[in-house]
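As structure tokens, the structure follows; a few thoughts come after it.
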Amino acid sequence: MTSSETNIITRFAPSPTGYLHIGGARTALFSWAFARKHQGIFLLRIEDTDRERSTDEAIQAIMDGMDWLGLTPDAPPVYQYQNIERHREIVNQMLSTGLAYKCTCTKEALDEMREKAKADGKPIRYDGTCRNKESVADDLPFTVRFKAPLEGATTLEDLVQGHVNVDNNQLDDLILLRSDGTPTYNLSVVVDDHDMNITHVIRGDDHLTNALRQSQIFDALSWPRPAYAHIPLIHGPDGAKLSKRHGALGVDAYKEMGFLPEAMRNYLARLGWSHGDDELFSTADLINWFDIAAIGKSPARLDMEKMQATNIHHIQQGDEDVLAEIAIEQLSLSTENKDKLMSALPIIKKTAKSLDNLIDNLRFLFVTRPVQLNDKAIQSLTEEKMANVRKAFAALENLETWDEEGIADFFSQFMEDNELKLGQFGPAMRNMLTGTGSPLGVYDLLRLLGKEESLARLKDILSN
Ligand code: GLU
């Protein structure tokens with residue numbers, strides 16, 4: 001794509017009937033990344049025309065999920081239901097220009113048609129009864145049907161699926177407006193995609209057939225079609241379409257499990273898209289590299305282990321500001337503790353095995369004295385080790401330069417003078433400082449806690 005094609009507008013168009021599905025999140029991510037890559041615009045359209053199934057909670061869940069994933073639309077969301085009059089207007093226009101017609105076939109007649117087609121082993125399609133009528137009775141309930149082309153074929157150059165072709169005699173006259181006056185999905189989507197100037201529709205390949213029908217409507221109205229990219233759905237590890245039995249489907253559950261948004265963006269991007277052998281990358285890289293042509297045609301499988309590994313990578317490389325905010329929230333800390341966190345995070349994040357583990361490893365900074373030792377910590381404090389810690393404590397009181405170098409120099413001298421090895425006092429001291437142990441070494445713990453707090457914590461236990 002050249003820089004002259006910068007007016008790209010994509011959209012994510014979820015139906016708000018539950019949570020933000022992980023597959024939906026990936027669709028949103030691809031649409032967002034593609035827009036970002038080309039300095040385009042990413043829009044959100046809430047497809048809430050199914051009034052029975054659409055809920056405010058589901059809309060909120062979608063917005064929260066997108067917000068958490070950092071997939072911020074470039075304009076306030078469009079609510080499809082609010083465009084209903086516009087959808088009807090287009091249907092009326094299609095009626096008056098002969099692109100659509102009223103159909104008064106009853107449900108019974110349609111059922112019969114279906115049964116007959118089945119019995120004859122023919123495809124189940126509307127047989128065009130009303131299409132061929134001069135006029136229909138005014139006093140009967142009616143639907144409005146699209147006068148679909150009868151001959152020839154409809155083709156589509158899908159950016160992922162390639163050339164897609166269907167003989168027009170395979171597609172029947174789609175209902176555009178139901179008898180209760182509500183527009184149908186395919187009509188609403190075409191009108192909205194047109195009115196929102198969408199240039200690229202990126203969505204699950206379960207919509208591929210719809211894309212053919214939608215293309216026919218675009219063509220009939222002489223509206224330019226958007227480009228389509230239909231991405232294969234996500235499968236579970238067993239190769240079956242992703243479902244509840246494979247685990248969590250809602251994005252909110254992944255937040256609960258301790259996944260970082262950055263890690264989710266990385267992992268979801270890799271579900272179906274690739275950039276060479278790169279598995280772990282930043283969001284900046286994703287935007288830079290994103291290319292629809294590199295989306296695969298076969299379904300990707302969700303792999304929890306890989307996902308966890310991606311998360312650990314992003315925690316270990318994580319932005320300390322972001323991690324500090326998470327820790328403040330999860331440990332219910334006041335924001336005054338941020339400096340303390342910021343000084344500890346560069347080293348602690350490198351040890352993290354998960355977000356929970358990171359939070360656990362930060363806890364020692366905030367425990368109130370006297371530190372409560374767990375059983376394992378208590379068992380580690382043998383007479384001999386306590387005596388060594390006591391010796392170190394006395395000497396530490398005189399240490400002036402309480403920084404990385406000062407502490408390291410102090411201990412090498414201390415060990416030499418007392419003929420001790422680190423193992424003879426270090427682990428015990430670490431347990432006394434934290435109560436629970438820590439992946440950090442004792443030097444780092446002392447430095448992060450500061451002289452006053454470190455000595456006070458040791459003293460509490462030594463004098464007990
Ligand atoms: N609302 C549709 C869905 O949630 C998506 C429609 C589209 O992307 O065109 O499956």
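What to note about this one:
- Around the amide H of Ile41, modelled in the peptide plane, lie the amide H atoms of Ile8, Ile9, Thr10, all under 5 Å away and 5 or more residues distant in sequence or on another chain.
- GluC sites (Glu not before Pro) restricted to the range 31-119 and DSSP loop, no more than 10 other C-beta within 10 Å: Glu52
- Contour excess over end-to-end distance, with Cα ends at Leu420 and Thr182 and 0.36 nm allotted per residue: 77.3 nm
- The DSSP beta bridges internal to the chain are antiparallel in roughly 55% of cases.
- Chain lengthening between Ala387 and Glu400 when straightened (0.36 nm per residue, less Cα-Cα): 2.4 nm
- FRET efficiency, 1/(1 + (r/R0)^6) with R0 51 Å, evaluated for Ala153 and Ser354 via beta carbons: 0.45
- Restriction of the trypsin sites (Lys or Arg not before Pro) in the range 362-462 to DSSP coil positions whose beta-carbon has at most 14 other beta-carbons within 10 angstrom yields Lys421.
- As a calculated quantity, the FRET efficiency between Asn168 and Ala284 at R0 = 41 Å, using C-beta atoms, amounts to about 0.35.
- Taking Cβ separations below 4.7 Å as the criterion for a possible disulfide partner, the isolated cysteines in the chain are Cys105.
- Computed as a quarter of the hull surface, the mean projected area of the alpha carbon convex hull for the chain stands at 29.9 nm².
- Applying 1/(1 + (r/R0)^6) with R0 = 22 Å to the Cβ-Cβ distance of Gln330 and Gln372 gives a FRET efficiency near 0.65.
- Cα-Cα over 24 Å, subset of Lys147/Lys241; Lys306/Lys353; Lys116/Lys147; Lys340/Lys451: Lys147/Lys241
- For the range 26-67, the set of chymotrypsin sites (Phe, Trp or Tyr not before Pro) satisfying both a DSSP loop assignment and a count of at most 13 other C-beta atoms within 10 Å is empty.
- Global geometry of the range 405-451, whether rounded, prolate or oblate, following the gyration tensor of its Cα atoms and the 1.5 cut on a/c: oblate
- Ascending count of other beta-carbon atoms within 10 Å, so fewest first, for His314, His200, His275: His275, His200, His314
- Cα gyration tensor shape of the range 69-206, rounded if a/c is under 1.5, else prolate or oblate by comparing a/b with b/c: oblate
- Expected 222 nm ellipticity per residue - DSSP helices of 4 or more, -39500 (n - 2.57), all of the chain, to 500: -13500 deg cm²/dmol
All of the numbers you see were taken from the coordinates with simple rules; none came from a lab. Computed from a prediction, not measured in an experiment: that's the story for all the values here. When we count neighbours, we look across all protein chains shown, and the Cβ atoms used for this are built from the backbone with ideal geometry, even at glycine.
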